[in-house]
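Visitor: Dropping the structure in here first, questions after.
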Amino acid sequence: ELLTAPYVYDLPDAPDHVVIPLATVGDEMPLLTGTPLSYTVSLTQTFALTGWPDGLGLFSTPDAHFVYVNHEIVATSSSLLTVNGTGRINGARVSLLQFSPDWQLISGRNLIERVRESNGTVYTLDPVSGDYRDANGQVFMQGDFANFSRFCSGYLAETGFLDLAGQPGPLWFAPQEAGPEARGWVVYPDGTATPLDGLGRFSKEQIYAAGQYRAGNGSGQTVLLATEDNTDGELYLFVGQQTGADPNGFADGQLYVLRVHDGAGTAYDYETMPLGVTLVGEWTPVPAGVALGSGAGLSDWVNAPGRSTNFRRLEDIHEDPTEPGSFYVASTGHTDIPPGGSMPDNDTGRLHHFSLNPADPAGPMAFTTVLAGGPTTGVSYDNLVVDDLGRVTIQEDR
């Protein structure tokens with residue numbers, strides 16, 4: 001039952017693009033039940049699409065489209081699982097929606113049913129209280145907040161990774177933009193979420209798995225990129241080591257932070273890079289104790305002179321499917337002024353491009369600022385996607 005009318009239609013300034021409303025917050029649909037890739041539709045139970053949708057992912061089979069939806073709900077807020085109030089979830093959540101091949105809404109469900117912490121403790125969703133609880137009834141805590149908070153941009157790795165049973169399956173990456181101690185998560189098809197502690201603790205906008213560095217590739221390495229949505233935000237790279245016990249390479253690895261310079265002695269501590277000039281991106285290794293420690297400790301370490309470039313609120317990142325290893329990353333901008341300056345370095349948004357070093361993903365690479373926000377180029381860049389023709393589509397956040 002579709003309860004609400006769509007409010008976004010075709011764009012008058014883009015006649016070659018079509019906007020197709022698929023679902024609206026408040027829509028209620030049959031509940032999607034069963035096991036991964038063998039789902040069935042309940043004839044009696046329902047599911048409601050809740051608010052604050054952010055990052056999306058798409059996984060298609062010959063019979064259906066599955067859309068993953070991050071909901072950027074804060075930990076102190078609660079949302080209902082059905083319109084009539086049967087069941088709730090406290091904090092952020094992920095929805096999984098099923099559509100027919102011609103994009104008719106069929107069903108939906110909550111994706112994260114349980115949490116497996118780093119120490120092995122399992123927390124299962126209690127829809128009565130809305131909390132994730134362990135076998136002793138203890139609520140799942142992340143520092144000073146319970147459950148999850150502010151899932152932002154999300155990324156679906158359709159292929160290249162294994163599920164918890166060791167079989168190929170789509171994995172959903174869920175970053176938390178929830179303050180300096182926020183962690184990133186990966187959600188498996190069976191509804192289990194596990195932390196990506198090696199990425200460090202910071203306010204995460206996006207976590208992206210590089211297409212050439214997934215389970216079973218010849219290098220034995222997994223590469224994850226993560227953006228920090230903060231006024232002195234950094235771009236991070238995690239290079240994980242794949243093992244028999246951890247074929248996805250999420251557990252053990254090295255964290256790096258990006259530093260941009262011109263190769264001739266000029267480093268860019270802030271987002272002052274000239275437009276259209278190819279510079280050098282260098283990955284600074286972060287000590288393991290710092291990477292696995294507190295968010296405050298990580299921030300202090302990367303902000304020391306000569307270690308990183310501070311971006312003004314990094315947002316989404318996406319790989320160019322026409323050029324594997326090549327990425328676009330957006331920053332939304334801020335009015336902060338760099339030390340010693342008189343004007344903001346980026347108050348309208350920027351789009352940057354870089355290509356990982358093919359010999360070593362943590363090696364020096366080319367880095368270019370390709371677009372600056374303005375009257376004819378948009379402002380406050382946020383979510384983005386690169387299509388199969390290499391075209392970049394950016395959403396404004398304003």
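Visitor: I want to confirm something. Restricting to segment 152-167 and keeping residues that are of a type in the set (A, V, I, L, M, F, W, C) and under 16 Å from the mean Cα position of the chain (by Cα), which single residue is nearest to Arg313 (Cα to Cα)?
Guide: Cys152
Quick grid of which residues meet (1) farther than 30 Å from Leu314 by Cα; (2) surrounded by 15 or more Cβ atoms within 10 Å (Cβ to Cβ); (3) assigned by TED's automatic domain parsing to the domain that holds Ile20:
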residue: Phe99; (1), (2), (3): yes, yes, yes
residue: Trp103; (1), (2), (3): yes, no, yes
residue: Ile106; (1), (2), (3): yes, yes, yes
residue: Glu117; (1), (2), (3): no, yes, yes
residue: Gly120; (1), (2), (3): yes, no, yes
residue: Arg133; (1), (2), (3): yes, yes, yes
residue: Gly137; (1), (2), (3): yes, no, yes
residue: Phe140; (1), (2), (3): no, yes, yes
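Visitor: Would you confirm whether any residue within segment 250-273 is under 23 Å from Glu158 (Cα atoms) and surrounded by fewer than 23 Cβ atoms within 10 Å (Cβ to Cβ)?
Guide: Yes, segment 250-273 has at least one match.
Visitor: In addition: I need every pair where a residue in segment 352-378 that is closer than 16 Å to Ser308 by Cα has its Cβ under 7 Å from the Cβ of a residue that is modelled with pLDDT of 95 or more and of a type in the set (Asp, Glu), sequence separation at least 6 or different chains.
Guide: Pro364/Glu282
Visitor: Now for a separate question. Determine if segment 363-386 includes at least one residue that is in contact with a Pro (Cβ under 9 Å, 6 or more places away or on another chain), at pLDDT 95 or above and assigned to a loop (DSSP other than H, G, I, E, B).
Guide: No: zero hits.
Visitor: Could you grab me the full set of residues in segment 352-362 that are assigned to a loop (DSSP other than H, G, I, E, B) and either surrounded by fewer than 21 Cβ atoms within 10 Å (Cβ to Cβ) or at positive phi (or both)?
Guide: Asn357, Pro358, Ala359, Asp360, Ala362
Visitor: Can you go through Thr46, Thr76 and tell me which one is among the β-branched types (Val, Ile, Thr) and over 23 Å from the mean Cα position of the chain (by Cα)?
Guide: Going through Thr46, Thr76 in turn, just one is among the β-branched types (Val, Ile, Thr) and over 23 Å from the mean Cα position of the chain (by Cα): Thr46.
Visitor: Would you please name the residue that is farthest from His352 (Cα to Cα), looking only at residues in segment 180-197 that are within 15 Å of the chain's Cα centre (by Cα) and not in a strand (DSSP E or B)?
Guide: For segment 180-197, the residue satisfying everything is Tyr188.
Visitor: Looking at (1) within 24 Å of Leu371 (Cα to Cα); (2) buried (at least 23 other Cβ atoms within 10 Å of the Cβ), which is the one condition that is false for Leu298?
Guide: All conditions are met except number (1).
Visitor: Right, something else. Provide a single number: the residues in segment 55-95 that are touching a Phe, Trp or Tyr at 6+ places or on another chain (Cβ under 6 Å) and more than 21 Å from Ala146 (Cα to Cα).
Guide: Final tally of qualifying residues: 5.
Visitor: Can you confirm whether Ala174 is at pLDDT 95 or above, under 30 Å from Pro338 (Cα atoms) and not assigned by TED's automatic domain parsing to the domain that holds Pro36?
Guide: Spelling it out, it is not the case that Ala174 is at pLDDT 95 or above, under 30 Å from Pro338 (Cα atoms) and not assigned by TED's automatic domain parsing to the domain that holds Pro36.
Visitor: Anything in segment 50-73 that is part of a strand (DSSP E or B) and under 17 Å from the mean Cα position of the chain (by Cα)? List them, or say none.
Guide: Pro53, Asp54, Gly55, Leu56, Gly57, Leu58, Phe59, Val67, Tyr68, Val69, Asn70, His71
Visitor: Count, please, the residues in segment 239-281 that happen to be out of contact with any Gly (no Cβ under 9 Å at 6 or more places or on another chain), free of Cβ contacts under 8 Å to residues at least 24 places away in the same chain and within 22 Å of Leu199 (Cβ to Cβ).
Guide: Within segment 239-281, residues that are out of contact with any Gly (no Cβ under 9 Å at 6 or more places or on another chain), free of Cβ contacts under 8 Å to residues at least 24 places away in the same chain and within 22 Å of Leu199 (Cβ to Cβ) number 1.
The values are calculated or read from the model by the stated rules, or taken from the named source; none is laboratory data. These numbers were taken from a predicted model, which means no experiment stands behind them. Glycine also receives a Cβ, built like all others from the backbone with ideal geometry; neighbour counts cover every protein chain displayed.
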